[in-house]
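J.: Below are the structure tokens for one structure; questions will follow.
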Amino acid sequence: MVPESITSFATQPRLTLRKRGGYTAARLTGCALPVLKGSLALEFEPLDQYLGRRKKLEEIQALGFPAYPHKFNATHTLRQILEQFGGRTAEELARGPAVVRAAGRIVALRPHGKAAFAHLVGDGARLQIYMKLDLVGEKAFELSKLLDLGDIIGVTGELFRTK
């Protein structure tokens, strides 16, 4: 007997894993689950997110940047930057500017008009980056507006301490 509160059935994906030789094969299959009347289901539309990200990728390419660059020649990891330069004062960094190239995943973005801050993580370290329209140029600043949390980026610049 089907209770009156069930109005329809939804398909829930099921993942099946099988070992074959040295490889693992995965297969998704569907199973029917009841949808309860008046349930508080999340109104999540991943298609909208996907389409939004596709649009941003097209805009990145229109600016002349590759959407998925294959290589970035970093001079330091984020951990190496903190270990090598973390003990220097603002004055020491200003006297002998250190230019570094590093890559990391964006975990925070804070735009402020003609400037923006972002936090990168990688190799167990976290580093704040600062992007200013006057310093990076209009094209690179437009690119910074298209970045999302979770994006992995490479940056080049001089190290300094914030006040």
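Any read-out appearing in this document is the output of simple, stated calculations on the displayed coordinates, not a laboratory observation. These numbers were taken from a predicted model, which means no experiment stands behind them. For neighbour counting, all protein chains shown are included, and Cβ atoms are generated from backbone atoms with ideal geometry for every residue, glycine included.
J.: How big is the charge dipole of the range 38-163 about its Cα centre, in debye rounded to the nearest 20, if each Lys and Arg gets +1 on its Cβ and each Asp and Glu gets -1 on its Cβ? Intermediate results must be reported in sequence, preceding the final value.
T.: Working: 18 positive and 15 negative charges, 67 e Å.
For the range 38-163, the charge dipole is close to 320 debye.
J.: Which ³J(HN,Hα) values in Hz, rounded to whole numbers, follow from the phi angles of the range 60-68 under the Karplus curve 6.51 cos²θ - 1.76 cosθ + 1.60, where θ = phi - 60° and Gly and Pro get x?
T.: Values, residue by residue: 4, 5, 5, 6, x, 9, x, 5, 10 Hz.
J.: Starting at the first residue of the range 100-116, write each ³J(HN,Hα) from the Karplus equation 6.51 cos²θ - 1.76 cosθ + 1.60 with θ = phi - 60°, in whole Hz, x for Gly and Pro.
T.: 10, 10, 9, 10, x, 8, 6, 10, 8, 10, 9, x, 9, x, 8, 9, 8
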